[in-house]
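Take a look at the structure set out below.
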């Protein structure tokens with residue numbers, strides 16, 4: 001069983017239910033983060049494994065990856081305590097972490113608040129001791145601590161699932177499927193917020209006007225007239241989800 005999420009693929013064995021994720025990116029494009037594979041490849045470090053030397057991601061970069069993925073899941077109603085445990089264990093096994101490098105990279109990538117949010121959570125929930133340089137940052141960034149309080153209130157109860165939307169409501173994905181207010185607070189740069197809005201607007205409009213199997217089944221057109229499927233799609237959705245409800249609303253009182 002394969003599921004394509006655009007930035008990653010899920011492969012699930014039907015019998016054992018084992019799941020393997022193959023990533024094309026660390027997070028979806030809408031997060032507007034240059035934390036891609038090319039960036040990570042330029043920050044690899046050697047590791048001795050079974051008598052051989054291999055390249056691996058540095059603990060500083062791994063910390064950023066874990067924090068960014070947590071930030072993504074905070075916006076998608078799917079935060080898990082296991083994610084915080086991963087961060088806590090990484091910090092405990094690397095006590096000599098280069099914190100100046102971590103903070104500098106986070107600021108450069110525009111994910112400083114995501115980093116501080118995660119660190120605040122592992123400190124408060126898992127008792128991880130943070131260095132003074134991080135505590136100073138947290139004190140100077142009260143937004144991150146406020147976000148951490150919101151996450152803590154959601155962490156130990158069943159999270160509300162985003163609503164399932166019909167094809168006619170593709171545009172409303174922007175308003176309903178993500179915790180956008182949380183995202184805007186979590187990103188410290190205006191540019192990243194603007195790009196996020198543009199990404200959702202583009203994809204929502206794409207979902208709304210893109211023809212599908214229902215349009216093709218409704219009318220068979222030659223290839224040279226395939227462009228007509230776009231207005232056909234819009235008209236079909238108006239009839240199915242727009243015009244009919246309005247028509248009934250105006251006439252139902254008269255039928256009483």
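The values are calculated or read from the model by the stated rules, or taken from the named source; none is laboratory data. As the structure is a prediction and not an experimental result, all values here were calculated from the model. Cβ atoms come from the backbone with ideal geometry, glycine included; neighbour counts cover every protein chain shown.
Miscellaneous remarks
- Where helices (runs of 4 or more DSSP H) fall entirely within the stretch 131-223, those with at least 2 residues that are at pLDDT below 70 and surrounded by fewer than 17 Cβ atoms within 10 Å (Cβ to Cβ) are at 173-176, 190-209.
- The one condition in (1) closer than 18 Å to residue 27 by Cα; (2) at pLDDT 90 or above that residue 91 fails to fulfil: (1)
- Residue that is surrounded by the fewest Cβ atoms within 10 Å (Cβ to Cβ), among those in the stretch 106-127 that are under 22 Å from residue 191 (Cβ atoms) and without any contact (Cβ under 8 Å) to a residue 12 or more places away in the chain: 108
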